[in-house]
Amino acid sequence: MRLAFDMAPVGLLVARRRVVHSYNPAFCQMFGYAPDALVGRSLEQLYPSGSEYEHIGERALCAMQASGTYADERIMRKQDGALFWCHVSGRAIDRADPFAAAVWAFEDISSARPVTAELTARERQIAQLLVTGQSSKLIARALQISPRTVEAHRARLMRKFGVSAMGELIARLMGRH
């Protein structure tokens, strides 16, 4: 089993209580950390901001309690501070206590979806939810903000990406310029 973990073509990480327990060489290469540099440290440093760590953690906890798994596409942070789009999926060892121990897989999708604009933490959260096809009302509910605030952030995203239609924004966020 250790050989499969070490040779996997995607980054694999085992976490206990959202603290790094172990990870494979593909994870090291993707995130730029030396082997064992993260062991015993919080997963928070892999996120662009503390608020994103908290928000995604809340969503993942609910999903993992319901199904045992969670997956999304989000912007993550490398050791050097560079941001990149990543597909993340995880499985809880125990659905009743998902963060007691979980296995996470990371796939760098930045070649198809490059980070092309400086975004705030809230804009990244909204962008992440927009690409899943959620409406402003659903995004507002998920982020516990008003739909008008979502619309304001959406307008800023459209300006930053230089687009005039929502479809264009989604295409840019998904790397399909």
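G50 passes every criterion in (1) loosely packed, with under 15 Cβ neighbours inside 10 Å; (2) at pLDDT 95 or above; (3) under 26 Å from L138 (Cβ atoms); (4) among the small types (G, A, S) apart from (2).
Being open to solvent by less than 60 Å² (accessible area, probe 1.4 Å) and more than 25 Å from A127 (Cα to Cα) narrows it down to one of A15, A60, A96, so name that one. Going through A15, A60, A96 in turn, the sole match is A15. Within segment 112-144, the set of residues being free of Cβ contacts under 8 Å to residues at least 60 places away in the same chain and under 20 Å from F31 (Cβ atoms) comprises V115, L119, Q128. Q65 meets the conditions (1) touching a Phe, Trp or Tyr at 6+ places or on another chain (Cβ under 6 Å); (2) open to solvent by 60 Å² or more (accessible area, probe 1.4 Å) in every case but one. The failed one is (1).
Could you tell me which of the residues S135, S111 is polar (S, T, N, Q), exposed (fewer than 14 other Cβ atoms within 10 Å of the Cβ) and modelled with pLDDT of 90 or more? Just a single option satisfies the conditions, and that option is S135.
The values are calculated or read from the model by the stated rules, or taken from the named source; none is laboratory data. As the structure is a prediction and not an experimental result, all values here were calculated from the model. Here the Cβ is made from the backbone with ideal geometry for all residues, glycine too, and neighbour counts use every protein chain on show. We work out accessible area using only protein heavy atoms, side chains counted, and drop any ligands, DNA or RNA first. Shrake-Rupley method; radii C 1.70, N 1.55, O 1.52, S 1.80 Å.
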